[in-house]
């Protein structure tokens, strides 16, 4: 998918993609000068960590401020299960410390879908592979048809527990799996850990069931305050950056600085070939990445007194 990002966004950003030994996914560059244990810190997350449409994503900005190279492990559509596979455990084991972005809850399993930790979901009953939006749209259509009626919207507004029982059950299963996978990932990572909430919204929200957008909420989709609190208890600290500064972002050609149009279908993620983007309305803007980096650096400064490995000095041989 990272290669799809590069094909889609080539006029705006060069992501300098690279792939470390044994890694299936292409990573956002530039790579750290060395993968010697203790010589870098790692940033784990999805597209918001990868830095779509940002020439200098927050891991790069943090590295510049603290003087320690960053290993950007932002993977498109990733949930926590992705980083328990392939070369990721070894890369995390070599990190001086790790910053874990709170990733989307839609990239998790339930009794209806298998995710393998990614946003593309396989329907267990027939093996179809769908994007998360399309997969969950089917769930909602089964409960209220093509268009939700007034009673469905009223039930949403009042929060009736008996409304949409199947969708509610699947949401709870998905959230439970997300939390299990995230805790497993944190437990397996022995380096000091910082949990990072990076979003336009605060963690507290309640899913509603009259549309996919209302169900998911803003990124990280399906994740609420209870889930964040449970996961944060297994990290050395939690930092939040809630910002929308610089959005929507006008897309500009990286060579001429003139406005440019992007075809999202080139990413291979299911958008219509007729769609065109002149602005980035979904991914964090460059200004949001600046806010994120500043929040992380401040959190690291507070943690250094408690855990020396959060410091940027290189490891002694």
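Taking residue 298, is it touching a residue at least 40 places away in the same chain (Cβ under 8 Å) and either within 27 Å of residue 65 (Cα to Cα) or touching a strand residue (DSSP E or B) at 6+ places or on another chain (Cβ under 7 Å) (or both)?
So residue 298 fits the description; yes.
Of all residues in the range 264-281, which are touching a residue at least 60 places away in the same chain (Cβ under 8 Å) and either within 26 Å of residue 32 (Cα to Cα) or under 17 Å from the mean Cα position of the chain (by Cα) (or both)?
267, 269, 280
Is there a residue being assigned to a helix (DSSP H, G or I), in contact with a helix residue (DSSP H, G or I) (Cβ under 9 Å, 6 or more places away or on another chain) and modelled with pLDDT under 95 anywhere in the range 276-299?
So far as the range 276-299 goes, no, none of its residues is assigned to a helix (DSSP H, G or I), in contact with a helix residue (DSSP H, G or I) (Cβ under 9 Å, 6 or more places away or on another chain) and modelled with pLDDT under 95.
Which of (1) buried (at least 16 other Cβ atoms within 10 Å of the Cβ); (2) at pLDDT 95 or above does residue 155 not meet, given it meets every other one?
Checking residue 155 against (1) buried (at least 16 other Cβ atoms within 10 Å of the Cβ); (2) at pLDDT 95 or above, the one that fails is (2).
Among the strands (runs of 3 or more DSSP E) confined wholly to the range 34-151, which include 2 or more residues that are touching a helix residue (DSSP H, G or I) at 6+ places or on another chain (Cβ under 9 Å) and touching a residue at least 12 places away in the same chain (Cβ under 8 Å)?
41-45, 70-74, 98-101, 120-123
For the structure I just gave you, tell me whether residue 112 is modelled with pLDDT of 95 or more, more than 13 Å from the chain's Cα centre (by Cα) and closer than 30 Å to residue 253 by Cβ.
no
Would you mind finding the one in 267, 235 that is closer than 19 Å to residue 77 by Cα and touching a helix residue (DSSP H, G or I) at 6+ places or on another chain (Cβ under 9 Å)?
Going through 267, 235 in turn, the sole match is 267.
Looking at the range 119-138, which of its residues are over 14 Å from residue 268 (Cα atoms) and surrounded by fewer than 20 Cβ atoms within 10 Å (Cβ to Cβ)?
If the condition is that a residue be over 14 Å from residue 268 (Cα atoms) and surrounded by fewer than 20 Cβ atoms within 10 Å (Cβ to Cβ), then 122, 123, 124, 125, 126, 127, 128, 133, 134, 137, 138 are the ones that fit.
Taking only the range 190-210 into account, find how many residues are touching a strand residue (DSSP E or B) at 6+ places or on another chain (Cβ under 8 Å) and either closer than 21 Å to residue 47 by Cα or without any contact (Cβ under 8 Å) to a residue 40 or more places away in the chain (or both).
Final tally of qualifying residues: 11.
I'd like to verify a number: residues in the range 211-239 that are in contact with a strand residue (DSSP E or B) (Cβ under 9 Å, 6 or more places away or on another chain) and surrounded by fewer than 17 Cβ atoms within 10 Å (Cβ to Cβ), how many?
3
The values are calculated or read from the model by the stated rules, or taken from the named source; none is laboratory data. No experiment lies behind these values; they were computed from the predicted model shown. Quick reminder, even Gly has a Cβ in these numbers, built from the backbone with ideal geometry, and neighbours come from all protein chains shown.
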